[in-house]
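Every number here is computed from the coordinates shown, using simple stated rules; none is lab data. A quick note: this is a predicted structure, and the numbers were derived from the prediction, not measured. In this analysis, Cβ positions are derived from the backbone assuming ideal geometry, glycine residues included, and neighbour counts consider all displayed protein chains.
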Amino acid sequence: MARKVKTKDQIKTILVLVEGKTEQIYFSQLRSYEYLVGLNLQPKLAKQSNPYHILKAALAAKEENVYDFIWCVFDKDILDKTKPKDFDQLYETALRENINFAESLPCFEVWLLLHFVLPKRFYTNPKNVESELCEHLKGYCKDTKWLQKSKIYDILKIHQSKAIENSKALSKTNNQNPNLKATFSNVYKLVENILS
């Protein structure tokens, strides 16, 4: 397989593998809204919507050697219910291959909620996060048509610095008092990587 040859003026390519339409629409709108000079952002919906298959797709993409960065965006709540035996080994392999993770617990909507408030430390399920998000983002709905029409990224952009600040504060709290069930979202790392 031919190796890519880096040139001084080469465009940086970021592959973002997502598990759901909400994430795909969000990052597609980010790509359309932001002036991304020298960056080719490729948000792609994984063929199978779960972290295991996203990891497999990321490792396959890594072998293609055409991306500067590969990010996996997924919800960690599903791993509590159906975690394959070799998931941890696959995850460690991905880390060694410099694949990045933008994970949320219980769901991606935590990242959206962080634009408005520092969320509760524990949510029993994604519906609770979505319910709280609706208090701040009127009419929020995971429906594809609503997400596209609402221009969700555009609405949230003005609160982005607050979301990043809240994400870091939540991470700090969780690091000081670790609990595997604690709410978090490190999507801010991906957003910073894209916008830097």
Checklist entry - Once phi is turned into θ = phi - 60°, what whole-Hz ³J(HN,Hα) does the Karplus curve with 6.51, -1.76 and 1.60 give for every residue of the stretch 129-140, x standing for Gly and Pro? => result 5, 4, 4, 5, 4, 4, 5, 9, 10, 3, x, 3
Checklist entry - Of the trypsin sites (Lys or Arg not before Pro) in the stretch 97-196, which ones lie in a loop per DSSP and count no more than 11 other C-beta atoms within 10 Å? => result 138
Checklist entry - Let a ≥ b ≥ c be the square roots of the eigenvalues of the Cα gyration tensor of the chain; is it rounded (a/c under 1.5), or, if not, prolate (a/b larger than b/c) or oblate? => result oblate
Item to check | Most fluctuating residue given options 59, 180, 17, as computed from a GNM of the chain linking Cα atoms under 10 Å | outcome: 180
Next on the checklist: Nearest 500 deg cm²/dmol is fine: what mean residue ellipticity at 222 nm does the chain get from its DSSP H runs of n ≥ 4 alone, each adding -39,500 (n - 2.57), divided by its residue count?
Outcome noted: -14500 deg cm²/dmol
Checklist outcome for this item: Taking 0.36 nm per residue of separation between residue 34 and residue 66 and subtracting their Cα-Cα distance, the length gained on full extension comes to 9.2 nm
Checklist outcome for this item: Loop-resident trypsin sites (Lys or Arg not before Pro) in the stretch 32-96 with no more than 11 other Cβ atoms inside 10 Å, DSSP not H/G/I/E/B, are 47, 85
Checklist outcome for this item: Here the stretch 96-112 yields Karplus 3J(HN,Hα) values (6.51, -1.76, 1.60; θ = phi - 60°; whole Hz; Gly and Pro given as x) of 4, 8, 6, 7, 9, 10, 10, 9, 9, 9, x, 7, 4, 4, 4, 4, 5
Next on the checklist: Suppose a student asked you for the relative contact order of the stretch 12-195, using Cα pairs under 8 Å spaced at least 6 residues apart; what percent would you report?
Outcome noted: 25
Item to check | Fewest-first sequence of 53, 115, 136 by Cβ atoms within 10 Å of each Cβ | outcome: 136, 53, 115
Item to check | Amide proton proximity set for residue 101, modelled H, under 5 Å, gap of 5+ | outcome: 72
Next on the checklist: Among 128, 158, 50, which residue has its Cα furthest toward the positive end of the charge dipole of the chain, with +1 on Lys/Arg Cβ and -1 on Asp/Glu Cβ?
Outcome noted: 158
